[in-house]
Amino acid sequence: MYLKIGISFLLASLLGGCATQGATLTVFSQPDGAYMTERGTGTVYGITPIVLNYKREDLEKHKDSKGCYLVKGFDARWVSGATSSIELITLCGKNSGAYQIGFARPAEYPDLERDLNFSLNLKSVRAQESQAAAAKISAFNSSLPTVVAPRRCTSTQVGNMVTTQCF
């Protein structure tokens, strides 16, 4: 029981820490699987979909006259070599909001089938990873000790025999 309370407290503490976090930006591509880098810096963020977290303080430093937050844009590159980019991203709303942006692969670029196959394979791998993670969590949960409520027991000695009764 104490272990489960401890885990619950730890999770609450970690999730409570997220309350001070700023905005999140989820970057999608159509089809999935574009390789994302930040404009100007070349910072690699990985393969879409990706989720970026911005601190409130950082967003406040880049606020425009309309009250929107300006963040660096991205370059998207699919396995076929097709590219798409956005120079600057404007996030209007709260500095603690959840935002989304999508990149569309240029239709005129050749080898669309190659990008679609990569996207399909990527989804398959991610589904397998998700199943493996769920299996690990299930195994962990089943390994937790079962807490049995304490019992009240009384022992009585009669001669050489001890009789114990628990309620």
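Remarks
- Qualifying position, being assigned to a helix (DSSP H, G or I) and closer than 30 Å to residue 21 by Cα, among 133, 76: 133
- Residues in the range 94-120 that are over 14 Å from residue 49 (Cα atoms) and without any contact (Cβ under 8 Å) to a residue 12 or more places away in the chain: 107, 108, 113, 117.
- Scanning the range 60-79 for residues that are more than 28 Å from residue 112 (Cα to Cα) and charged (D, E, K, R) yields a total of 5.
- Residue 106 passes every criterion in (1) outside any helix (DSSP H, G or I); (2) closer than 11 Å to residue 31 by Cβ apart from (2).
- Identity of the residue in the range 45-73, hydroxyl-bearing (Ser, Thr, Tyr) and within 21 Å of the chain's Cα centre (by Cα), that ends up farthest from residue 123 (Cα to Cα): 54
Bear in mind these aren't lab numbers, they're just calculated from the coordinates by the rules spelled out. Keep in mind that this is a model prediction, so the values were computed, not measured. When we count neighbours, we look across all protein chains shown, and the Cβ atoms used for this are built from the backbone with ideal geometry, even at glycine.
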